[in-house]
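One structure below.
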Amino acid sequence: MKIGITCYPTYGGSGIVATELGLELANRGHEIHFISYALPTRLNISTANIQYHEVVVNTYPLFDHPPYALALATKMAEVAEMKGLDLLHCHYAIPHSVSAFLAKSMLSPRRLPVVTTLHGTDITLVGSDRSYLPITRFSIDQSDGVTAVSRFLKDETVNVIGAKNNIEVIYNFVNCDKYKASRNQQLKDHFAPGQEKILIHVSNFRPVKRPVDVVEIFFRVQKELPAVLLMVGDGPERSNAEWAARNNGIEKKVHFLGKQDNIDELIGISDLLLLPSETESFGLVALEAMACEVPVIASNVGGLPEVINSGVEGFLVEPKDIDGMAQRALEVLADESRRLEMGKRARLTARSRFCSTTIIPMYEAYYAKILNQDGTSQNSRMRSIL
Ligand code: GMT
């Protein structure tokens, strides 16, 4: 198949899933065209079957806000025509699915099916904001196929957004050959020269990730046992998290590493992952940790219970319960054989349910289903919604 993929190219779960999906599909012989305003993180365009098409947004004195959604729609239509795309796959509804709807309309009567994958904040934050809700719902209902990364997100899309389209749940995935237990001893010694326990948090440091809570949890943990904390990523809450570390007098034990590419290596040297998010539709980084045999302490919210069985691969604790999370973290870290056992169970879960070898064929089957869908009935369904 020839597939156009559009995503946010920045450091964030939806862009990472889109990029890894494109790479896996290219590996399986599909021709993949990434269409975005910058090269997605983790994308290496020297990979066979991958092409990248940059969306350039020209600006004019009249444009206070350069119209990216329109430039994207034009580029989508152009690539679809020039490269003979079979379908467009948009990751994150706003504005990508709206642009795809325009591209598809521009090319009509040539058929260009659009698949939208909902990732989380496109529904739980952006989409539920009244100023974006109607167009989010419109773009979902106008897509030829819609997938969500968890049952939780599917339900939210129906209940909060009021979307009418059928939504298929296809869980996020991890490459189990790349993400596995492997300890880079040199890297481990660099951060934990005294064999301290290593806790890790990886995110885009948006308020929804609650990185300050991560520091507060760690503050309680390091009082009881020797430990260091790796804070990987960057974003609006980083300064507050750094201040919290300094304010608690633990700045020497907390390493703010910024955006990093070698996530598998950093998780691989860690003993525990902290993910105390306020909401999380799936929690890709939790899955990456599980594949590396690293137990997870996460919030009992959103789609996380679909990924983590509390007490088996880690613990789920109510969000904002800093003391509860610290207590669970200590339970895991204080008993190495239990920690190792949880890590083994985590890897088993990742392997049996979320490996790319299981999930990528689900996307291929879904694309085939959408491509074989009768365009006429699809169009009449669209008219009745309008
Ligand atoms: O908020 C983020 O972590 C980034 C965001 C995104 O859309 O880039 O992540 C969402 O999509 C990820 C990939 O499907 C999910 O693993 C995350 O759970 C989800 N984030 C939230 O729901 C907060």
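The values are calculated or read from the model by the stated rules, or taken from the named source; none is laboratory data. All values derive from a computational prediction rather than experimental measurement. Cβ sites come from the backbone with ideal geometry, for glycine too, and all protein chains shown count toward neighbours. Protein only, heavy atoms only, side chains kept; ligands, DNA and RNA dropped before computing areas. Shrake-Rupley method; radii C 1.70, N 1.55, O 1.52, S 1.80 Å.
The strands (runs of 3 or more DSSP E) located wholly in the range 1-117 that include 1 or more residues which are within 16 Å of the ligand (Cβ to nearest atom) occupy 2-6, 31-36, 87-91. Pairs are defined by a Cβ separation below 6 Å, a sequence spacing of at least 6 or placement on different chains, a first member in the range 13-40 that is free of Cβ contacts under 8 Å to residues at least 40 places away in the same chain and outside the structural domain of GLY233 (by TED's automatic domain parsing), and a second member that is more than 11 Å from the ligand (Cβ to nearest atom) and of a type in the set (Lys, Arg); the pairs so defined are THR19/ARG42. Open to solvent by 20 Å² or more (accessible area, probe 1.4 Å), at pLDDT 95 or above and under 30 Å from VAL149 (Cβ atoms), is that true of PRO226? Considered against the rule, which asks whether it is open to solvent by 20 Å² or more (accessible area, probe 1.4 Å), at pLDDT 95 or above and under 30 Å from VAL149 (Cβ atoms), PRO226 comes out as no. Sub-7 Å Cβ pairs linking a first residue in the range 114-136 that is in contact (Cβ under 8 Å) with a residue 60 or more places away in the chain to a second residue that is acidic (Asp, Glu) and more than 8 Å from the ligand (Cβ to nearest atom), at least 6 apart or interchain, are VAL115/ASP144; ILE123/GLU156; THR124/GLU156, ordered by first then second residue.
Per-residue answers, yes or no, for (1) modelled with pLDDT of 95 or more; (2) within 16 Å of the ligand (Cβ to nearest atom); (3) farther than 21 Å from ALA181 by Cβ; (4) open to solvent by less than 60 Å² (accessible area, probe 1.4 Å):
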position	(1), (2), (3), (4)
PRO295	yes, no, no, yes
PHE315	yes, no, no, yes
ILE322	yes, no, yes, yes
ARG347	yes, no, no, yes
TYR363	yes, yes, yes, yes
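Screening GLU278 against (1) more than 14 Å from the ligand (Cβ to nearest atom); (2) open to solvent by 50 Å² or more (accessible area, probe 1.4 Å) leaves a single unmet condition, (1). Yes or no: the range 183-200 includes at least one residue that is within 15 Å of the ligand (Cβ to nearest atom), buried (at least 17 other Cβ atoms within 10 Å of the Cβ) and in a loop (DSSP other than H, G, I, E, B). No: zero hits.
Note on the range 16-62: residues that are among the polar types (S, T, N, Q), open to solvent by less than 60 Å² (accessible area, probe 1.4 Å) and modelled with pLDDT under 95 amount to 2. Right, PRO236: within 16 Å of the ligand (Cβ to nearest atom), assigned by TED's automatic domain parsing to the domain that holds LEU273 and open to solvent by 60 Å² or more (accessible area, probe 1.4 Å) or not? Answer is yes for this residue.
Filtered by the rule that a residue be without any contact (Cβ under 8 Å) to a residue 60 or more places away in the chain, more than 23 Å from LEU284 (Cβ to Cβ) and either within 10 Å of the ligand (Cβ to nearest atom) or in a loop (DSSP other than H, G, I, E, B) (or both), the range 137-171 gives GLY162, ASN165, ASN166. Total residues in the range 243-264 satisfying the condition of being loosely packed, with under 15 Cβ neighbours inside 10 Å, over 18 Å from the mean Cα position of the chain (by Cα) and of a type in the set (S, T, N, Q): the figure is 1.
Taking the conditions exactly as written (free of Cβ contacts under 8 Å to residues at least 60 places away in the same chain and at positive phi), does PHE205 satisfy them or not? It is true that PHE205 is free of Cβ contacts under 8 Å to residues at least 60 places away in the same chain and at positive phi. Selection of the range 190-218 for residues being polar (S, T, N, Q) and touching a helix residue (DSSP H, G or I) at 6+ places or on another chain (Cβ under 6 Å) yields only SER203.
On inspection, ASN300 qualifies as farther than 30 Å from ASP177 by Cβ, open to solvent by 10 Å² or more (accessible area, probe 1.4 Å), in contact with a Leu (Cβ under 6 Å, 6 or more places away or on another chain) and free of Cβ contacts under 8 Å to residues at least 24 places away in the same chain. Criterion applied to ASN204, ASN240 was being in a loop (DSSP other than H, G, I, E, B) and of a type outside the set (Ser, Thr, Tyr), and the one residue passing it is ASN204.
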